[in-house]
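The values are calculated or read from the model by the stated rules, or taken from the named source; none is laboratory data. Note that this is a predicted model, so its numbers are computed, not measured. Cβ coordinates were reconstructed from backbone atoms using ideal geometry, including for glycine residues, and neighbour counts include every protein chain displayed.
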Amino acid sequence: MSREMTLSQAAIGTGGLARKAMLVLAGSAFIAVAAQISVPMLPVPMTLQTLAILMVGFAYGSRLGAATLLAYLAEGAMGLPVFANAMNGVAFAGPTAGFLFGFVAMAWAAGVAAERGLARGPVGTALSALLISAALYIPGLAWPALIAGGFGIDGGWIAQEASFYWAHFMAPFLLGDVVKAVIVALMVTGGWKALSRT
């Protein structure tokens, strides 16, 4: 299947290695800033971290999107406070580590959707964003439920009942996922419309 042009390619061209490196740095900085923004919402505040990851994936495409998230994780591993609540690599041993690793696949999947032309209109982009956000719960829940204990990590969130993970890791965030999917769809669609006018 042929690849569609992504939003970043349409805006600034494919460019060389230096341009791609700048996009990776800019994208990882964008995600780091968004991770610190918390919007009041019920039942829990909504951070804009996954919104930024979806935006990067939809705008950059699969390869550059995944590379940006690998750079983002590397920045956290080096001790930079780029994760939510100004956390750094310490978060890799915490209850949300599975989500961090899943972010790479999230950006890649959003990029694939963009390259296949599924992220041009508001409906296709919103549906893609919702499905990708739902898939993020697979590594997000696998880490505390099945994997972390094997690494000798101990905590009250290890190997609990399914109801625990539903109540603490999923249910409070579902409404925020829907809101972010709609916002991302509007932003991506708006970006394409703005480019079509130039």
Inset, instruction - Looking at (1) in a helix (DSSP H, G or I); (2) of a type outside the set (D, E); (3) within 26 Å of F151 (Cα to Cα), find the lone condition where F58 falls short. - result: (3)
Legend entry - Residue check for I138: of a type outside the set (G, A, S) and closer than 19 Å to G57 by Cα: yes
Legend entry - Selection within segment 128-145 - in a helix (DSSP H, G or I) and either buried (at least 20 other Cβ atoms within 10 Å of the Cβ) or free of Cβ contacts under 8 Å to residues at least 40 places away in the same chain (or both): S128, A129, L131, I132, S133, A135, Y137, I138, G140, W143, P144, A145
Legend entry - Residues of segment 149-186 satisfying the condition of being surrounded by 15 or more Cβ atoms within 10 Å (Cβ to Cβ) and among the acidic types (D, E): D177
Legend entry - Residue selected from segment 34-51 under the condition assigned to a helix (DSSP H, G or I) and in contact (Cβ under 8 Å) with a residue 24 or more places away in the chain, by the criterion farthest from the chain's Cα centre (by Cα): A35
Inset, instruction - Specify the residue that is surrounded by the most Cβ atoms within 10 Å (Cβ to Cβ); the eligible residues are those in segment 61-78 that are out of contact with any Lys or Arg (no Cβ under 7 Å at 6 or more places or on another chain), among the aliphatic types (A, V, I, L, M) and part of a helix (DSSP H, G or I). - result: L69
Inset, instruction - Go through segment 116-147 and give me each residue that's in contact with a Ser or Thr (Cβ under 8 Å, 6 or more places away or on another chain) and among the hydroxyl-bearing types (S, T, Y). - result: T125, S133
Legend entry - Pairs with Cβ under 7 Å, 6+ apart, first in segment 19-33 and more than 12 Å from A74 (Cβ to Cβ) and without any contact (Cβ under 8 Å) to a residue 60 or more places away in the chain, second surrounded by fewer than 18 Cβ atoms within 10 Å (Cβ to Cβ) and of a type in the set (D, E): none
Legend entry - Which listed residue is part of a helix (DSSP H, G or I), at negative phi and not acidic (D, E), from I158, I183, I153: I183
Inset, instruction - Take the residues in segment 187-198 that are assigned to a helix (DSSP H, G or I) and surrounded by fewer than 13 Cβ atoms within 10 Å (Cβ to Cβ), then tell me which one is modelled with the lowest pLDDT. - result: R197
Inset, instruction - Could you run through segment 1-58 and say how many residues are closer than 23 Å to E115 by Cα, surrounded by fewer than 16 Cβ atoms within 10 Å (Cβ to Cβ) and among the hydroxyl-bearing types (S, T, Y)? - result: 2
Legend entry - Flag for L23 being touching a Ser or Thr at 6+ places or on another chain (Cβ under 9 Å), part of a helix (DSSP H, G or I) and over 19 Å from F101 (Cα atoms): yes
Inset, instruction - Among what's in segment 98-109 and is aliphatic (A, V, I, L, M) and closer than 14 Å to Y72 by Cβ, pick the residue that is surrounded by the most Cβ atoms within 10 Å (Cβ to Cβ). - result: A107
Inset, instruction - Working only within segment 7-20, note down all residues that are in a helix (DSSP H, G or I) and closer than 18 Å to W192 by Cβ. - result: L7, S8, Q9, A10, A11, I12
